[in-house]
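Down below is the structure, laid out as C-alpha cells.
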Amino acid sequence: MSREPVRTRAGKSESRENMKVREELLELFEANKGRYFSGEELAGRLCVSRAAVWKAVKTLREEGYVIDAVTNKGYCLSTKTDILSPQGIRKYLSPECGGLEIEVLSAVDSTNGLVRRKADSGRAEGCVVVANEQTDGRGRRGRLFFSPAETGIYMSILLRPCHYSAGQAVRFTTMAAVAICEAIEEVSTEKAGIKWVNDIYVGGKKVCGILTEASFDLESGLVEYAVLGVGINVYRPRGGFPKGLEQTAGFLFENTRDDLKNRLTAAFLNHFLEYYRAESLTGYIEKYRQRSLVVGKEVTVIDGDRTRTAFAYGVDDDCRLLVRYDDGLTEGLSYGEIGIRL
C-alpha cells in the first residue's frame, strides 16, 4: 500500500494507509453513533493495531469530530456532531443513489469549477463534490456566491443526460429547486418556496441558490454534460452576511443540529435523482408550479440594462415563466432574471 502523504481535513500530512484506517473507522462510527467500541474490538474489525486505531481517533478529533473515550467502555462518536463526510451522507441515501461517487472537501475554489474539470477529464455521471467552504463560489451572471466556512453546504453533481437540448437543460435547475424545497422540509418545520428560476426562499429570505452549467456538442447541439451546483445557507454565518446581502439572505437554523448537513445533503440527492431518472416529468413540474412564489404576482423582467413590468401568470411544461406585459404582449421566459418584492 502506498505511503505517499496526503492532506487531512485539518490540513495535516497523513499516509494513505493511515487515511484508509481513518475512513473505515469513521464509517463504522457514523453507522453506530452513540455506541462504544473498545480499542481491541476496533482493531479487530479494521484488522489493524490498537496504535493505528488511536492515531485515527486522534486525527478525527483534530478534524472536529467529538469522540468520547471512557475507561472500560472504549471510543464513541458523539451524536452531537454536524460534520459533512462521505460516510455520513451515504448512510442517509436511498438504494437508488448507491452508485454516487461522493467527495467531501474542507475548502475549494468552486465546486462547479472542480466538477467541470473532472467532467472534461472524462469522469462519469454521478460524481458529487461537497465542500464546507468555497473561496471563489459562483452565482448566476458571473456574480460571487458567498460561501463561508462551516455554516453552509456547497455541492455540485455531474450529469451526462441523453438527448437533452439547450432549451431542456433548464429542467435540471427546476428539478433541483423542487428537490431542495422537499429536502428542507424533510429535515425542518420550515416551508420553502421558489423564486423563478433558481432561488429558494424560507421566511421571505433567500437560503439557497442553484447554478447549472453545461457543455454542448457542437454538431448535435445536445448537452454533452451538465454540472448542477447548489449552495445552501444552513446556519447563520459567523459575523453575519456581508453588506448588500443582509436584507435578502437568510439561513435555515440558528443553532447547530445533530448531523443536519449530512441529512440535508442526502435528502437533496435522493429527491433530485428521483426526478432526474423518472420517465415522466409531469409530477415534478406540477410541484414546481405549486411552490412558485411569483405566479399570480407583478414582477420586473430584467434584460441587461432594460427592465419591464409584467404579470406572471404561469409556468409551462418546459418550465418557462409565462408573463404578460403592460401592453398586453405575452412571453415565455426560458432564462433571464426577474425582480419581485417577497
Towards the positive end of the charge dipole of the chain, with charges on Cβ (+1 Lys, Arg; -1 Asp, Glu), say which of 170, 244, 70 has the farthest Cα.
70
Could you work out Rg/(2.2 N^0.38 Å) for region 86-290, with Rg from alpha carbons only?
0.96
Exposed chymotrypsin sites (Phe, Trp or Tyr not before Pro) absent: longest stretch of the chain, with sites in DSSP loops and at most 16 other Cβ within 10 Å deemed exposed
37-334
Quick one: work out Rg over Rh on the C-alpha atoms of the chain, Rh as Kirkwood radius.
1.02
Residues meeting the amide H criterion for residue 35 (H placed from the backbone, H to H distance under 5 Å, 5 or more places apart or on another chain) are 77
Find the eigenvalues of the gyration tensor of the Cα atoms of region 297-339, then list the square roots of 5 times those eigenvalues as equivalent ellipsoid semi-axes, largest first, in whole angstrom.
15, 12, 8
Cα pair distances of region 52-153 binned at 5 Å [whole percent]:
2, 10, 16, 17, 18, 15, 10, 6, 3, 2, 0, 0
Let me check I have the definition right: for region 5-77, take the eigenvalues of the Cα gyration tensor, multiply each by 5, take square roots. What are those semi-axes in whole Å, largest first?
19, 13, 10
Tell me, 45, 291 in order of fewest to most beta-carbon neighbours within 10 Å?
45, 291
May I ask you to list the trypsin sites (Lys or Arg not before Pro) in region 101-200 that are in a DSSP loop and have at most 12 other Cβ atoms within 10 Å of their Cβ?
143, 191
Report the trypsin sites (Lys or Arg not before Pro) located in region 199-241 that are in a DSSP loop and have at most 15 other Cβ atoms inside 10 Å of their Cβ, or state none.
238
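Taken together, the values in this text are just the output of simple stated rules run on the coordinates, not laboratory data. The structure presented is a predicted model; accordingly, all values stated were derived computationally and were not measured. Cβ: placed from backbone, ideal geometry, glycine included. Neighbour counts: every protein chain shown.
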